[in-house]
Amino acid sequence: MKVIDTFGLQHNEWVKMMYSKRKLWAETFLQITFFGGLRSTQRSESINSFLNQFFHSYVKLYEFMSHIDRPMSCLRNNKLKDDFDCINEHPVLVTHLLQLEKHDVEVYTRNTFGRVRDEIKSEAKLSIVNCIDDVESVMYTFRKFAGSDKTWNVRYTPSKNIFKCSCKMFETIGIPCCHSFSVMKAMNMHHIHETLIMQRWTINAKDVSKQNVLYASMSTEGYKEANVAIDKLTIQINGLLPSSSTSREENVHRTSKQLTVQVKDPVLAATKGSMR
């Protein structure tokens with residue numbers, strides 16, 4: 001949009017045509033943007049489909065409030081079951097890189113473990129085409145065995161412990177790709193490299209938050225200071241506040257003055273999934 005405004009192309013027919021077909025090419029330019037595997041409305045469609053199992057489109061507000069506990073209980077139960085499975089389940093190791101797969105089991109949640117194991121399996125289909133070893137880094141070039149001529153490059157810098165693959169899977173989804181696993185095999189690594197493990201997909205992802213809550217809850221003053229610090233950083237990140245300190249109470253008071261909320265009848269909308 002910035003380019004269109006700069007060169008005055010708002011009424012250009014070719015630009016309008018390409019913009020209408022943006023679904024065909026926009027994803028290419030978002031390859032290095034982290035989405036965690038989510039797409040546009042996937043999150044909202046998932047929760048809508050789940051709630052449709054418990055409610056219909058003509059449910060009244062007071063009925064909704066009295067029945068919302070049931071789906072919430074189901075969500076909590078599913079969360080507890082997932083936590084239990086992550087801690088107590090031990091999947092059978094089936095890949096050719098047993099040490100890396102074992103580390104995969106120990107580090108990731110079960111859903112992420114399955115996706116990472118698929119990448120480990122795909123590593124067996126790759127063959128090394130070239131290897132360039134310079135002073136600071138090593139660059140491997142891969143191609144699928146008996147496949148097309150398409151190649152992928154992985155640069156590993158030992159001094160900085162950095163893996164960079166041309167497929168950009170780690171930057172986009174947050175899990176190591178099969179090309180990176182091939183480099184780990186070539187470097188005789190028995191564990192997934194720490195720089196390729198994203199904290200949010202691990203079993204212990206919530207441990208940091210638990211520690212912060214514990215420290216903050218040890219005293220009332222500590223809890224208040226933690227709230228002020230979190231609020232201040234959040235607002236600074238959003239570009240709404242320069243560097244002045246603002247408390248949670250002041251933010252709520254200021255927001256309540258600016259917004260006028262009116263509760264109206266909900267608008268009926270067609271949603272995906274079964275509707276009762």
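The values are calculated or read from the model by the stated rules, or taken from the named source; none is laboratory data. Owing to the predicted nature of the structure, the values given are computational and were not obtained by experimental measurement. Here the Cβ is made from the backbone with ideal geometry for all residues, glycine too, and neighbour counts use every protein chain on show.
Can you find a residue in segment 65-86 that is assigned to a helix (DSSP H, G or I) and closer than 21 Å to Pro176 by Cα? Looking through segment 65-86, at least one residue is assigned to a helix (DSSP H, G or I) and closer than 21 Å to Pro176 by Cα.
Evaluation of Thr33 against the conditions (1) in a loop (DSSP other than H, G, I, E, B); (2) modelled with pLDDT of 80 or more shows that the sole unmet condition is (2).
Residues of segment 66-115 being of a type in the set (Val, Ile, Thr) and either touching a Pro at 6+ places or on another chain (Cβ under 7 Å) or over 17 Å from Asn204 (Cβ atoms) (or both), which ones?
Across segment 66-115, the qualifying residues are Ile68, Val92, Val94, Thr95, Val105.
If you go through segment 104-145 and keep only what is of a type in the set (Gly, Ala, Ser), free of Cβ contacts under 8 Å to residues at least 24 places away in the same chain and over 28 Å from Lys160 (Cβ atoms), you end up with just Gly114. Among the residues here, Thr112 qualifies as among the polar types (S, T, N, Q) and at pLDDT 90 or above.
Filter segment 191-221 for residues that are part of a helix (DSSP H, G or I) and at pLDDT 85 or above; which is farthest from Phe35 (Cα to Cα)? The residue in question is Glu194. Residue count for segment 120-175 satisfying the condition of being among the charged types (D, E, K, R) and in contact with a Leu (Cβ under 6 Å, 6 or more places away or on another chain): 0. On the stretch given as segment 146-179, residues that are of a type in the set (D, E, K, R), surrounded by 16 or more Cβ atoms within 10 Å (Cβ to Cβ) and in a helix (DSSP H, G or I) total 0. Pairs needed: first member in segment 75-103, closer than 30 Å to Gln53 by Cβ; second member anywhere, β-branched (Val, Ile, Thr) and in a helix (DSSP H, G or I); C-beta distance under 6 Å; at least 6 residues apart or different chains. Close Cβ pairs (under 6 Å, with a partner that is β-branched (Val, Ile, Thr) and in a helix (DSSP H, G or I)) amount to Pro91/Val105.
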